[in-house]
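K.L.:
Take a look at this one; I'll ask things after.
The values are calculated or read from the model by the stated rules, or taken from the named source; none is laboratory data. Computed from a predicted model, the values in this text were never measured in an experiment. Ideal geometry is used to build each Cβ from the backbone, glycine not excepted, and the neighbour counts take in all protein chains shown. The area values use the complete protein model at the heavy-atom level, side chains included, leaving out ligands, DNA and RNA. Shrake-Rupley method; radii C 1.70, N 1.55, O 1.52, S 1.80 Å.
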Amino acid sequence: MKKTVSVLISLLLGFAACQEQPAPNPVTQTLSEGWSLNSDTLNLNLEVTVPSVVQTDLYDAGLIPHPYLGTVEHDLLWVSRHPWHYATHFDLNQEMRGKERIDLIFEGIDTYATVRLNGEKILTTDNMFRSWTLPVTLRDTGNVLEVDFKSYDSVQNALYAQANPKYPERYAVSRKAAYQHGWDWAPKYKNVGLWKPVKLVGWSKARIASASILTDKITKGQSDMRLTMWVLSASEGPQPVTLQLLCDDATLKEVELVLDGAESRIEVPFALHDPKLWWPNGMGEQHLYRFELRLKQGDKVLDGRSLTSGVKTFEMIDEPDSIGRAFYFKVNGVKMYAKGANYIPQDNFTSWMRRSSDSTLLADAKEAHFNMLRVWGGGIYPFDYFFDLCDSLGLLVWQDFMFAGTLYPYDSAFLNNVEAEACEQITRLALHPSLALWCGNNEVSEGYYNWGWQQSMGWSEADDKAMKAGYDKLFGDLLAKVVAEYDGTRPYWPSSPSKGWGRPESLTQGDVHYWGVWWGEMPYEAYRDKVGRFNSEYGYQAYPDISTLQRLDPNAELSKDSELIAAHQKHARGTRQIDDFICRYYPYPTEFEDYVYMSQLSQAYGIGIAIEAHRTAKPDNMGTLYWQLNDSWPVVSWSSIDYYDNKKALQYHLKTLFAPVLLSLDTKGDAVYVTSDLRRNMEAKLKVSVRDFTGNTLFEKEMPVTLTENQNKKLPIDRFVSRWKGYGKRKGYVKLELSEGDSIVAERYCYMAFPKDLKLPEAHSTMKITTGNGPTTIEVSFDVFAKDVQLYCLSGDGRFSDNFFDLEPGTTKRITFVPKDKDTQPVFGIRCLNDFCKKSPKIPYSTCKKLP
């Protein structure tokens, strides 16, 4: 009997403890389910989940066709012309009740909306790049939250009508992603909706609103660090708290603080001894520390936060030199040659953006030896997961603020809106070691000085002066001040490029967007003469993979001039320019699939010339970021990876072009460049061989090479090449090999004629295919030298480990293929440039523009 009573008492005490235990602080209740979506002007009522974009919800409900397929774009532009209404009913979670304060948080509203809670208007919004936090009073049950979106087009048109003088682009008046208004690679799908999560946060006493770990300085054996955080207080008067900072479970610092007011900014300096540094890809490891924050009052933990960050310093050097002004970066005190591309939003609809897509894309970038991406200013500030991935992969991020291609308003309301946006984004992203620098805008300065806005917009002298003063206020003063105040460890660059590509000084100082080849229609060889100090944009178009084009309409007959392809080519001269350069450099194909192949070879060839010119100009040139890495929908564009993650020829070639050591043959054939980005010295051996396409070695030479850390070296080979020229530069190739001991460090095949002029013999391939539980293995060999070998799968999509490669006779190359559909037996095809050298016409370039 005693035992039974004892057990009963224990149970009752345990129950009482459960009843008395307070809810954790803070608590979060997501408001993602149970939303209705309708429009007063349309007869529809949908149940949707937040995050939500109206266009994709309409597609999911079967009310509109897929926005990317066929030729439907112009039929779907009506969505942004209509008002839309979101509503949800919710009860408070039990643990939320009784909290001193409840915050309603909208992480992103796109764009013009009015928010009502239980019938009361509580918020109006006008910026998709901001979050909105409001303290609210809620009922335990039966709360109603409504968000009314105005017609986006109507609001924008009204704002633009009020503008005097007029801005070059209508989207200037709206804080919304510029690319959604249409670009030369994007459709005009202006998203509408609650594009980021909506949630309630309940708390008592205090909570941490945001926190960052920053590296101020690295000295021998120590890094000086700084914790920056914003803390909210529920008390109107001073409130004492204790802050604990831990790193990898060890306490680093404990400080007593007094919170005075509703919001307090707190900075806590600390040091890490013998820190492991975070390095970009190719320069070292990406060590990340795990920090824990605990905000306490007595023994009670009011809030906590886990942070992952790295120890890294980043410097932008912009200083006079013998050429003009040097422009380069240092990471942890070490000069870095930047290699990478421009990144655009991964989708035209934010609701279709996924971490998995960026994970694949950024892994491809790392594999191709990227160390930097430029986030272009006409898109969106990427999600947190993008930076998490870049942190882990060693990809530095040049981050533009979201301004592109037009001047912007400069009234106090607009500037205050932008300041709030910039403060939030800097505070959110400063934690990430991958974040390298902040840039004010994309091509706004260039547009002002070089695009003739003064004339095309009809500005008076006073208008022009006011516009320039507004530009300086926004990009020269405001954003520079906010970066310094809320980060202070990263440089700010007002505009990219610093000078337009038509001005001579664009090649002697700052960064340059060199578009003389695409926009100016200069030949690829112009890249060799137009090498800037840092080339942050340049590019050429190619078609996406044939499977991507076939998805647009499986029943369509594809051709470069078809209506379907035209709907997915957003540049007015794009089709003709791709055609021109195929004519200039390659045999002209007769079948559309071969045409797609040739367009990709042309792009890879041209961008290869540019990258080689940039890297062999080191240290005068210290960065090359081509346009562009990815696509936001299936389109003919400058990307190296298409919308469905298919790599174009360029992406495969980048593994050589961006390799830590690049071998290049001088255009005259009388020297070899050995360009190293390695952080070590090398004692190596260079072998230079001239071979014909049937496998005979005609000449060969070896020479020792001594390279210091991060060196670019030119080695003359005069007498050797004079014999090569006597043989005939169209009949063979030069093979360059650099070795250390028994290891090949770098290898390259080089040519002294345009691809279409090479005397490539007919090639016969042998393929051995092995399938099993894992990836399919393909072993390929040829009887003669095969150039630009492409493997393709006839039975479904998948990814090849390598492609678009050159292969010497008698050499076997092993490729793996991972199908997307693992239940399908893969069937492969193969083509190479040799196949076209006799059967395809070689059209003189002078007649290219006369082609139908």
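K.L.:
Name the one entry in 637, 676 that is polar (S, T, N, Q), within 30 Å of residue 552 (Cα to Cα), buried (at least 24 other Cβ atoms within 10 Å of the Cβ) and in contact (Cβ under 8 Å) with a residue 24 or more places away in the chain.
P.N.:
637
K.L.:
Could I ask something else about it? Anything in region 346-369 that is open to solvent by 10 Å² or more (accessible area, probe 1.4 Å), in contact (Cβ under 8 Å) with a residue 12 or more places away in the chain and part of a loop (DSSP other than H, G, I, E, B)? List them, or say none.
P.N.:
346, 353, 369
K.L.:
If you take the residues in region 106-124 that are under 27 Å from the mean Cα position of the chain (by Cα) and outside any loop (DSSP other than H, G, I, E, B), which one is farthest from residue 25 (Cα to Cα)?
P.N.:
Only one residue tops the list, namely 110.
Residues checked against (1) touching a helix residue (DSSP H, G or I) at 6+ places or on another chain (Cβ under 8 Å); (2) surrounded by fewer than 18 Cβ atoms within 10 Å (Cβ to Cβ):
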| site | (1), (2) |
| --- | --- |
| 451 | no, yes |
| 464 | yes, yes |
| 467 | yes, no |
| 476 | no, yes |
| 484 | no, yes |
| 511 | no, no |
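K.L.:
Taking region 147-184 as the search range and keeping residues that are part of a helix (DSSP H, G or I) and touching a strand residue (DSSP E or B) at 6+ places or on another chain (Cβ under 8 Å), which one is surrounded by the fewest Cβ atoms within 10 Å (Cβ to Cβ)?
P.N.:
Taking the candidates together, the pick is 178.
K.L.:
Could you grab me the full set of residues in region 222-251 that are in contact with a strand residue (DSSP E or B) (Cβ under 6 Å, 6 or more places away or on another chain) and under 20 Å from residue 299 (Cβ atoms)?
P.N.:
Residues satisfying the conditions are 231, 233, 234, 239, 240, 241, 242, 243, 244, 245, 246.
K.L.:
Hey, another quick one. Hey, among the residues in region 776-797 that are farther than 15 Å from residue 765 by Cβ and polar (S, T, N, Q), which one's surrounded by the most Cβ atoms within 10 Å (Cβ to Cβ)?
P.N.:
Filtering region 776-797 for residues that are farther than 15 Å from residue 765 by Cβ and polar (S, T, N, Q), the one surrounded by the most Cβ atoms within 10 Å (Cβ to Cβ) comes out as 776.
K.L.:
Here are some conditions: (1) in a helix (DSSP H, G or I); (2) open to solvent by 40 Å² or more (accessible area, probe 1.4 Å). Residue 555 meets all but one. Which one does it not meet?
P.N.:
(1)
K.L.:
Scan 241, 231, 201 and give me the residue that is touching a residue at least 12 places away in the same chain (Cβ under 8 Å), over 27 Å from residue 109 (Cβ atoms) and crowded, with 16+ Cβ neighbours inside 10 Å.
P.N.:
Result: 241 is the single residue among 241, 231, 201 that is touching a residue at least 12 places away in the same chain (Cβ under 8 Å), over 27 Å from residue 109 (Cβ atoms) and crowded, with 16+ Cβ neighbours inside 10 Å.
K.L.:
What are the residues in region 798-815 that are at pLDDT below 95 and open to solvent by less than 40 Å² (accessible area, probe 1.4 Å), if any?
P.N.:
798
K.L.:
Would you mind finding the one in 322, 392, 351, 309 that is out of contact with any strand residue (DSSP E or B) (no Cβ under 8 Å at 6 or more places or on another chain) and among the hydroxyl-bearing types (Ser, Thr, Tyr)?
P.N.:
Going through 322, 392, 351, 309 in turn, just one is out of contact with any strand residue (DSSP E or B) (no Cβ under 8 Å at 6 or more places or on another chain) and among the hydroxyl-bearing types (Ser, Thr, Tyr): 322.
K.L.:
Any idea which of (1) aliphatic (A, V, I, L, M); (2) open to solvent by 40 Å² or more (accessible area, probe 1.4 Å); (3) in contact with a Lys or Arg (Cβ under 7 Å, 6 or more places away or on another chain) is the one residue 437 doesn't satisfy?
P.N.:
Residue 437 satisfies all of (1) aliphatic (A, V, I, L, M); (2) open to solvent by 40 Å² or more (accessible area, probe 1.4 Å); (3) in contact with a Lys or Arg (Cβ under 7 Å, 6 or more places away or on another chain) except (2).
K.L.:
Being at pLDDT below 95 and open to solvent by less than 60 Å² (accessible area, probe 1.4 Å): is that true of residue 14 here?
P.N.:
When the stated conditions are applied, residue 14 passes them.
K.L.:
Exactly one condition in (1) at pLDDT 95 or above; (2) hydrophobic (A, V, I, L, M, F, W, C); (3) open to solvent by less than 30 Å² (accessible area, probe 1.4 Å); (4) farther than 30 Å from residue 622 by Cβ is false for residue 259; which is it?
P.N.:
The single condition residue 259 does not satisfy is (1).
K.L.:
Across region 274-308, which residue is nearest to residue 225 (Cα to Cα) among those that are open to solvent by 60 Å² or more (accessible area, probe 1.4 Å), part of a strand (DSSP E or B) and in contact with a Phe, Trp or Tyr (Cβ under 9 Å, 6 or more places away or on another chain)?
P.N.:
Filtering first and then ranking leaves 308.
K.L.:
Please specify each residue of region 271-329 satisfying the condition of being without any contact (Cβ under 8 Å) to a residue 40 or more places away in the chain and of a type in the set (S, T, N, Q).
P.N.:
306, 322 - these are the residues of region 271-329 that are without any contact (Cβ under 8 Å) to a residue 40 or more places away in the chain and of a type in the set (S, T, N, Q).
K.L.:
Suppose we keep only residues that are at pLDDT below 80 and open to solvent by less than 80 Å² (accessible area, probe 1.4 Å) within region 17-40. Which one would you say is farthest from residue 105 (Cα to Cα)?
P.N.:
Among those that are at pLDDT below 80 and open to solvent by less than 80 Å² (accessible area, probe 1.4 Å), it is 17.
K.L.:
As an exercise: evaluate residue 421 against (1) in a loop (DSSP other than H, G, I, E, B); (2) open to solvent by less than 10 Å² (accessible area, probe 1.4 Å) and give the number of the one condition it does not meet.
P.N.:
Checking residue 421 against (1) in a loop (DSSP other than H, G, I, E, B); (2) open to solvent by less than 10 Å² (accessible area, probe 1.4 Å), the one that fails is (1).
K.L.:
Related question: Are there any pairs, at least 6 apart or on different chains, whose C-beta atoms fall under 9 Å, with the first in region 111-138 and under 23 Å from residue 189 (Cβ atoms) and touching a residue at least 40 places away in the same chain (Cβ under 8 Å) and the second open to solvent by 20 Å² or more (accessible area, probe 1.4 Å) and assigned to a strand (DSSP E or B), and if so, which?
P.N.:
As it stands, the answer is 112/124, since those pairs meet every condition given.
K.L.:
Does residue 567 fit the bill of being among the small types (Gly, Ala, Ser), over 24 Å from residue 832 (Cα atoms), touching a residue at least 12 places away in the same chain (Cβ under 8 Å) and open to solvent by 10 Å² or more (accessible area, probe 1.4 Å)?
P.N.:
Here the answer is yes, as residue 567 does meet what is asked.
K.L.:
Within region 705-715, is even one residue open to solvent by 80 Å² or more (accessible area, probe 1.4 Å) and either of a type outside the set (Lys, Arg) or closer than 23 Å to residue 369 by Cα (or both)?
P.N.:
Checking region 705-715: at least one residue is open to solvent by 80 Å² or more (accessible area, probe 1.4 Å) and either of a type outside the set (Lys, Arg) or closer than 23 Å to residue 369 by Cα (or both).
K.L.:
Oh, and also: Mind listing whichever residues of region 74-103 are open to solvent by less than 10 Å² (accessible area, probe 1.4 Å), more than 29 Å from the chain's Cα centre (by Cα) and under 24 Å from residue 174 (Cβ atoms)?
P.N.:
If the condition is that a residue be open to solvent by less than 10 Å² (accessible area, probe 1.4 Å), more than 29 Å from the chain's Cα centre (by Cα) and under 24 Å from residue 174 (Cβ atoms), then 84, 86 are the ones that fit.
K.L.:
Let me ask something else. For a quick check of your reading of the model, give me the residue pairs whose first member lies in region 42-70 and is hydrophobic (A, V, I, L, M, F, W, C), whose second is modelled with pLDDT under 95, with beta-carbon atoms closer than 9 Å and at least 6 apart or on different chains.
P.N.:
Close Cβ pairs satisfying both conditions: 54/39; 58/44; 61/44; 63/44.
K.L.:
Could you look through region 829-848, keep only residues that are open to solvent by 20 Å² or more (accessible area, probe 1.4 Å) and either in a loop (DSSP other than H, G, I, E, B) or in contact with a Lys or Arg (Cβ under 6 Å, 6 or more places away or on another chain) (or both), and pick out the one that is modelled with the lowest pLDDT?
P.N.:
845
K.L.:
Could I ask something else about it? Of all residues in region 384-404, count the ones that are open to solvent by 10 Å² or more (accessible area, probe 1.4 Å) and not hydroxyl-bearing (Ser, Thr, Tyr).
P.N.:
Qualifying residue count, region 384-404: 4.
K.L.:
Now for a different question. Condition check: farther than 21 Å from residue 93 by Cβ and under 31 Å from the mean Cα position of the chain (by Cα). Does residue 148 satisfy that?
P.N.:
It is false that residue 148 is farther than 21 Å from residue 93 by Cβ and under 31 Å from the mean Cα position of the chain (by Cα).
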